[in-house]
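Below: the structure, in structure tokens.
The values are calculated or read from the model by the stated rules, or taken from the named source; none is laboratory data. Please read all numbers here as calculations on a predicted model, not as lab measurements. Using ideal geometry, Cβ is built from the backbone for each residue, glycine included, and neighbour counts are taken over all protein chains shown.
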Amino acid sequence: MTRTMREVRGAWGPRARAACRRGAPWAALWAALALLWAPRAALAEAPAPPRFDAAGRAVGEPLSERVVAYEIDATLDAKAGTLKGREALTWTNKSQAPQSTLWFHLYWNAFKNERSTFYRDSKLLGFRDESASAEDYPDRKDDEWGYSDVTAIGVRGGVDLKPSLRFRHPDDDNEHDQTVFTVELPAPVAPGASVTLEIAWEAKVPKIVARAGRKGDYYFFGQWFPKIGVLEVPPTRGAAEPRWNCHQYHSNTEYYADFGTYDVKMTVPKEYVLGASGVRIGRVENPDGTATYHHHQDDVHDFAWTAWPGFVERSEVFRAPGLPEVQVTVLAPAGHDRGARQSFEAIKASLERYGRWWYPWPYPHLTIVAPPRGASASGGMEYPTLITTGATADPVEPKDYALWSVTAHEFGHNYWYGLLASNEFEESWLDEGINSYGTQKLLDAEGVTLRPFEWLAPSGLRPLLAGAAPIELTETELARLRTKPQWDSPVITPGWKYRGWADYGTASYLRPQMNLLVLEKLLGGPTMGEVMRAYVERYRFKHPRSEDFFAVASEVSGQDLTWYFDQAFRSTAGLDVKVADVACAGATAEYDVGAFDDGKGGKVVKSRASERERQKKAEAAGEKPTRRCRVTLEKEGAMAVPVAVRVTFEDGTQKAETWDAKGGFKHYFYVGQGRGADVARVEIEPEGRLVFDAGRANDSYTKEADGRVAARVFGWLTYAAQLVLGFLPSLT
Amino acid sequence: MNATFRSALAALRRALGDGKLVGLLLLANLLPSVASALAPSVGAYRAFGHSLVGRDEPFFGGDVLGELARAATKNGGGTWLAVFVLALLVSLPLQIALSGGVAARALEGQAPFSTADFVADCVRLFGRNARLFGWSLLGLVPVAVLAGVSSALVGKLDDPLGERSLAMWKALRFALVAAAFATWRLAFDAAKVRAVSDEPRLMRRAALRGLKDALTTRGLWPGYLALGLAGVLGLLLLARAHAALPVASTGGALLALAFAQIVLACRLVFSVAATNYVAGAIAPKAGPEGG
């Protein structure tokens, strides 16, 4: 009955829903009447048909090209911190050329020793989880290093490929790096044909680092199995001929893989609570005190899982008219009821808004993992149908900024990395940047802001402490705090070639986020929405590159936007436009004194004194004197975008200008009669389109000085200093 | 117990009645604060005086904060900080001197307040209080050690404990550290009173006597704690009310600053009341014990 009522709520109109809420016996009648009265509305409110069945298998045609099919069976020895696995990988050669060399990732060898490219990079460039500048970095106990050993690899029912296994280092000259290997097939895989390999491997789980590993009895398995690279087939990502793309694991890079099917069995101690990508289709308890979980998912390009006895599992269903239903599971530590509730709210808002803005999320199940304390290195990460956030038992109400922003962001990846499998090694912005733009839109739409004092205060003191300094920052303001007129690297830069962690971060997240927001303001919201939808529609379940996004934007908007993308994504240019100077003066002061031709072959000499006298007389006679004003704009940073300028005169008239910002400065001259012709106000981008403009205060000028902000600064700084100095009597 | 809280209430009433004293303390607090806020305010005027940004915001939006940070970076944020540190350095000896005057005043009972006498006491007791300050800072060491060790211990508690149990341990730790700090501050207040009433030559002895008073004087600690908690609560409530004031206009900002003086006055009244309370409790048994 409950299920029936839920179906009614989902499918029928608001009056029927209200009746069901009341539990009235008239519910069925209202519902029937509603159907008769508005059948079209009823249809519009129905959930979209599912794209996958209860076992995670696609209904109807496959959604992706399915280059790979993995069947994995893995067993965790939780006491020893080791994993043993076997996988059967079926790989299909989608190219027109035979392939005899197969490339693989073996990511966990990044954590094997400090000679790995991962640790070399992190010492040089910095690293997101730990301070890598310390002399003893990476500080690991003997049993905290992690690695994977391929113990056997061969063609199913055929040749042993282990002797041909070679570690490769396509990105650098580091012969010690073991994160990429190749094997040679005895016979090439013909175009369109498939090969099935059987691989056995053993792994030592590292101390939690870079999104994976163990902390106590908590385990997170990401990038955990031998995984085949991507054979890029023309015209994918501009490939002229088939080419393997299989990069080493760097400290600043993420991942890239082909779509396919994943059928995974995971055996863990039976007291462990397990969460994994895809849909759970079985769980059996074994005589040895372990339990085996069986998950499956079609049309994804990765698989991750976690296990910890401390997880409390909570589930809810997302239902919204016109969108597929999604079962949402939250795995969080005990006592995180409020955090879990906000996770559900954040994910439902994300499913609904992203689903309507971009594309209905098609998968039937989503798992959200809130790692326990001390395991945050595995938090804030995305995998297909599984994301990790930050655990909080005590979120700010009603919408905790950190919890909402991380949840919305990590789920957003399920579009820009999950559905559109861009190459995160080479073009991280296509995932992180577009997703940051989406996150910002969602947080702004949901009214989620950062209130630092409330966020930092313990919950018992929040009402008092938060109210004592009510600073509230929107996501847009937070982003704008970090804009600059000059950057270190172009946005489109391979992940390991940035200057450092901060450069990677701004280029991958902040700058594309700002660039896309500006693009939205230049094109208009509806057109930008069409651009995004067309991009998803065209490249879902494919491997887009930057040029693909740019081409879609130009095509849909009907404008050649190359000029913008070249500057915003392919250069280091930033922007700070400012009103440098505004000066108005009587005409005599500058222009009407000297010797002038009289038109009869002679000269008329006007002295400043005589002109002033003449002007006085004219004013006394009621004439308005001539006034000349000069407005000077300046620019710092190499970006040249059309800058809208609004000039307001004393008499209230306005003039709109557009500066192409190609030079370093621009003068505007205005001549008028009387003081009313003086410039009263200049505003650069009064509609606030150029959000990446680094300086905001210098974007406007008013003739009249205003002390309001300075007074506020004075008042609050004095007060803050008084509070600090006021505690000195405690000591004296 | 009732007598304890009656004494605390009487001490508070007396502090509230000592308007001139509180006014002097407030002035000593306000002047260096104004000096330290002037330079950034001039910087803010330069950045925002002719700009439209932030004019109508109720407090500080992201744009204003961002621009202030930029202005600090470009226009001598280091100087602004240096001025504030200087204000701190000036305030420290000033407050040491004032604390001597406050302790002496606490022992005067209901006598009328004389600014001249107060200043004379401040000057007379400065050396003594400076030395006492040094000794009492040593007393902060065990409090800091307790805070550090308990923080490390709570940090090592693992998750299977459950977040709720963890929260309980955190609250317990907070209470423990707060109690230790309150005890230290009580001992310090008692030592300041002893430094005036007993006139010992060695401030180390005054500090130890203060600690003994704090630990052994019956009913002293609960009353002192009650005054402290009431002071913190009052401060937070008034601070919240201050934050709610509209500051979008110049007049509003200045009005808020005027109201801030009430917040600070509250803080100072409770500080004076605490000294009064301690003096009232230990003065009857205070007296020269050699020295």
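Taking the range B:155-166 as the range and being assigned to a helix (DSSP H, G or I) and either away from chain A (no Cβ under 11 Å) or modelled with pLDDT under 70 (or both) as the test, the residues that pass are B:D159, B:P160, B:L161, B:E163, B:R164, B:S165, B:L166. If you go through the range A:663-683 and pick out every residue that is at the interface with chain B (Cβ under 10 Å from one of its Cβ atoms) and in contact (Cβ under 8 Å) with a residue 40 or more places away in the chain, you end up with 1. Can you tell me which residue in the range A:341-350 is nearest to the chain's Cα centre (by Cα), limited to those that are of a type outside the set (S, T, N, Q) and surrounded by fewer than 24 Cβ atoms within 10 Å (Cβ to Cβ)? Out of the qualifying residues, it is A:A349. Does any residue of the range B:276-283 turn out to be at pLDDT 90 or above, surrounded by fewer than 23 Cβ atoms within 10 Å (Cβ to Cβ), farther than 29 Å from A:A720 by Cβ and in contact with a Ser or Thr (Cβ under 8 Å, 6 or more places away or on another chain)? Yes, the conditions are met somewhere in the range B:276-283.
Within the range A:555-593, being part of a helix (DSSP H, G or I) and closer than 28 Å to A:R482 by Cα holds for A:T562, A:W563, A:Y564, A:F565, A:D566, A:Q567, A:A568, A:F569, A:R570.
Do we find a residue being buried (at least 17 other Cβ atoms within 10 Å of the Cβ) and part of a strand (DSSP E or B) anywhere in the range A:282-289? No, the range A:282-289 has no match at all. Of all residue pairs spaced 6 or more apart or on separate chains, those with beta-carbon atoms under 6 Å, a first member in the range B:206-223 that is farther than 16 Å from B:R6 by Cβ and a second member that is assigned to a helix (DSSP H, G or I) and of a type in the set (F, W, Y) are B:A207/B:W135.
For the range A:197-209, the tally of residues that are more than 14 Å from chain B (Cβ to nearest Cβ) and in contact with a helix residue (DSSP H, G or I) (Cβ under 7 Å, 6 or more places away or on another chain) stands at 4.
Take A:N252 and tell me if it is at pLDDT 95 or above, polar (S, T, N, Q) and within 24 Å of the chain's Cα centre (by Cα). Considered against the rule, which asks whether it is at pLDDT 95 or above, polar (S, T, N, Q) and within 24 Å of the chain's Cα centre (by Cα), A:N252 comes out as no.
In contact (Cβ under 8 Å) with a residue 40 or more places away in the chain, touching a Lys or Arg at 6+ places or on another chain (Cβ under 9 Å) and crowded, with 17+ Cβ neighbours inside 10 Å: does that describe A:K624? So A:K624 does not fit the description; no. Of the set (1) assigned to a helix (DSSP H, G or I); (2) crowded, with 16+ Cβ neighbours inside 10 Å, all apply to B:P200 but (1).
Give just the number: which of (1) out of contact with any helix residue (DSSP H, G or I) (no Cβ under 6 Å at 6 or more places or on another chain); (2) facing another protein chain (nearest Cβ under 9 Å); (3) assigned to a helix (DSSP H, G or I); (4) crowded, with 20+ Cβ neighbours inside 10 Å does B:L25 not satisfy? Evaluating B:L25 over (1) out of contact with any helix residue (DSSP H, G or I) (no Cβ under 6 Å at 6 or more places or on another chain); (2) facing another protein chain (nearest Cβ under 9 Å); (3) assigned to a helix (DSSP H, G or I); (4) crowded, with 20+ Cβ neighbours inside 10 Å leaves (1) as the failure.
Within the range B:66-80, none of the residues are at the interface with chain A (Cβ under 8 Å from one of its Cβ atoms) and either assigned to a loop (DSSP other than H, G, I, E, B) or closer than 30 Å to B:Y277 by Cα (or both).
Inspection of the range A:227-234 finds a residue satisfying the criterion of being within 30 Å of A:G505 (Cβ to Cβ), in a loop (DSSP other than H, G, I, E, B) and in contact (Cβ under 8 Å) with a residue 40 or more places away in the chain. Of these, A:P372, A:P360, A:P333, A:P287, which one is away from chain B (no Cβ under 14 Å) and either under 26 Å from A:Y437 (Cα atoms) or touching a Pro at 6+ places or on another chain (Cβ under 8 Å) (or both)? Being away from chain B (no Cβ under 14 Å) and either under 26 Å from A:Y437 (Cα atoms) or touching a Pro at 6+ places or on another chain (Cβ under 8 Å) (or both) holds for just one of A:P372, A:P360, A:P333, A:P287, which is A:P360. Taken as a whole, the range A:173-189 holds at least one residue that is in contact (Cβ under 8 Å) with a residue 12 or more places away in the chain, part of a loop (DSSP other than H, G, I, E, B) and either among the acidic types (D, E) or under 30 Å from A:R373 (Cα atoms) (or both). Quick check on the range A:448-462. Is at least one of its residues in contact with a helix residue (DSSP H, G or I) (Cβ under 6 Å, 6 or more places away or on another chain), without any contact (Cβ under 8 Å) to a residue 60 or more places away in the chain and within 30 Å of A:C246 (Cβ to Cβ)? No, the range A:448-462 has no match at all. Where residues in the range B:43-59 are in a loop (DSSP other than H, G, I, E, B) and more than 7 Å from chain A (Cβ to nearest Cβ), which of them is nearest to B:H242 (Cα to Cα)? Among those that are in a loop (DSSP other than H, G, I, E, B) and more than 7 Å from chain A (Cβ to nearest Cβ), it is B:P58. Within the range A:697-730, the set of residues being within 7 Å of chain B (Cβ to nearest Cβ) and modelled with pLDDT under 90 comprises A:L725, A:G726, A:L728, A:P729, A:S730. From the list B:A8, B:A15, the lone residue that is in contact (Cβ under 8 Å) with a residue 60 or more places away in the chain, in contact with a Ser or Thr (Cβ under 9 Å, 6 or more places away or on another chain) and more than 10 Å from chain A (Cβ to nearest Cβ) is B:A15.
The sole residue among B:G139, B:G127, B:G148 that is assigned to a helix (DSSP H, G or I) and buried (at least 18 other Cβ atoms within 10 Å of the Cβ) is B:G139. Tell me yes or no: at least one residue of the range A:257-279 is touching a Pro at 6+ places or on another chain (Cβ under 6 Å), part of a loop (DSSP other than H, G, I, E, B) and away from chain B (no Cβ under 14 Å). Scanning the range A:257-279 turns up at least one residue that is touching a Pro at 6+ places or on another chain (Cβ under 6 Å), part of a loop (DSSP other than H, G, I, E, B) and away from chain B (no Cβ under 14 Å).
In the range A:595-614, the residues that are within 19 Å of A:P625 (Cβ to Cβ) form Cβ pairs under 7 Å with partners that are surrounded by 10 or more Cβ atoms within 10 Å (Cβ to Cβ) and among the small types (G, A, S), at six or more places apart or across chains, as follows: A:K606/A:G594. The residue that is farthest from A:E547 (Cα to Cα), among those in the range A:474-510 that are out of contact with any strand residue (DSSP E or B) (no Cβ under 9 Å at 6 or more places or on another chain), free of Cβ contacts under 8 Å to residues at least 40 places away in the same chain and part of a loop (DSSP other than H, G, I, E, B), is A:R482. Just checking, does the range A:455-473 include any residue being within 14 Å of chain B (Cβ to nearest Cβ), within 23 Å of A:F411 (Cα to Cα) and either modelled with pLDDT of 85 or more or outside any helix (DSSP H, G or I) (or both)? Looking through the range A:455-473, at least one residue is within 14 Å of chain B (Cβ to nearest Cβ), within 23 Å of A:F411 (Cα to Cα) and either modelled with pLDDT of 85 or more or outside any helix (DSSP H, G or I) (or both). Could you please find all residues in the range A:40-71 being in contact with a Phe, Trp or Tyr (Cβ under 8 Å, 6 or more places away or on another chain), modelled with pLDDT under 90 and either farther than 22 Å from A:R319 by Cβ or of a type in the set (A, V, I, L, M) (or both)? Of everything in the range A:40-71, just one residue is in contact with a Phe, Trp or Tyr (Cβ under 8 Å, 6 or more places away or on another chain), modelled with pLDDT under 90 and either farther than 22 Å from A:R319 by Cβ or of a type in the set (A, V, I, L, M) (or both), namely A:A42. Somewhere in the range A:99-122, is a residue in contact (Cβ under 8 Å) with a residue 12 or more places away in the chain, surrounded by fewer than 18 Cβ atoms within 10 Å (Cβ to Cβ) and under 24 Å from A:E232 (Cβ atoms)? Yes, the range A:99-122 has at least one match.
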